[in-house]
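One structure is given below, encoded as structure tokens.
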Amino acid sequence: MAAQLSFLFPGGAVPAGSAQHGCSLTLRVDGLRNRKGVIGCAVFKTPNGWPEHDDQAYTRKAIPITSNTAVLEFPDIPPARYGIACLHDENANHHLDRNFFRVPTEGFGFANNPRVRFSPPSWRSASIEVTCPATRVDIHLIYK
């Protein structure tokens, strides 16, 4: 994942559009090591920008952490396949912090919880089908 992730900003959400689509997407993110900062997730309709350029995501949201599990709701998502990336921004500085060796020092996770080694998973391996009326996805954070 790239160091700059702009979806982590006060207010947190970018609307998916004005039309009511009827489907809802619920992301349940667990494995948070503390309650510091915010959890942010980006929902990508295509591989374009995946996962570094969340400004190309279909929608995104960030919320404060109040427990060991965070739940992010995305109402009115059209049914389709979406790639999902989440980040635990512990110091709320709006980007993924890394150490001297470029290893992330904050938690991150993806839909389908793929194994992550030296680079983020492909959009395809971290994508799910959103169906109506509701789709729920569990994402387990990884801390390196």
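With a ≥ b ≥ c taken as the square roots of the eigenvalues of the C-alpha gyration tensor of the chain, please select rounded if a/c is under 1.5 and otherwise prolate if a/b is larger than b/c or oblate if it is not? Since a/c reaches 1.5 and a/b is larger than b/c, the shape of the chain is classed as prolate.
Full extension of the chain between residue 73 and residue 97 gives 6.1 nm of extra length, using 0.36 nm per residue less the Cα-Cα distance. Just checking the listed ones, 43, 130, 116: in the Gaussian network model of the chain with Cα springs under 10 Å, the one fluctuating most is 116. Across region 67-81, rounded Karplus estimates of 3J(HN,Hα) from the backbone phi angles (6.51 cos²θ - 1.76 cosθ + 1.60, θ = phi - 60°) give 8, 6, 10, 10, 10, 10, 10, 10, x, 6, 9, x, x, 4, 8 Hz, Gly and Pro being marked x. In the context of the full protein assembly, residue 88 retains an accessible surface of approximately 0 Å², using a probe radius of 1.4 Å and ignoring ligands and nucleic acids. Count the net charge of all other residues whose Cβ sits under 14 Å from the Cβ of residue 128, scoring Lys and Arg as +1 and Asp and Glu as -1. It works out to a net charge of +3. Out of every Cα-Cα pair that region 23-100 contains, those further apart than 19 angstrom amount to 38 percent.
The values are calculated or read from the model by the stated rules, or taken from the named source; none is laboratory data. Predicted model only: the values in this text are computed from it and were never measured. Cβ sites come from the backbone with ideal geometry, for glycine too, and all protein chains shown count toward neighbours. In case anyone asks, the SASA skips ligands and DNA or RNA and just uses the protein heavy atoms, side chains included. Shrake-Rupley method; radii C 1.70, N 1.55, O 1.52, S 1.80 Å.
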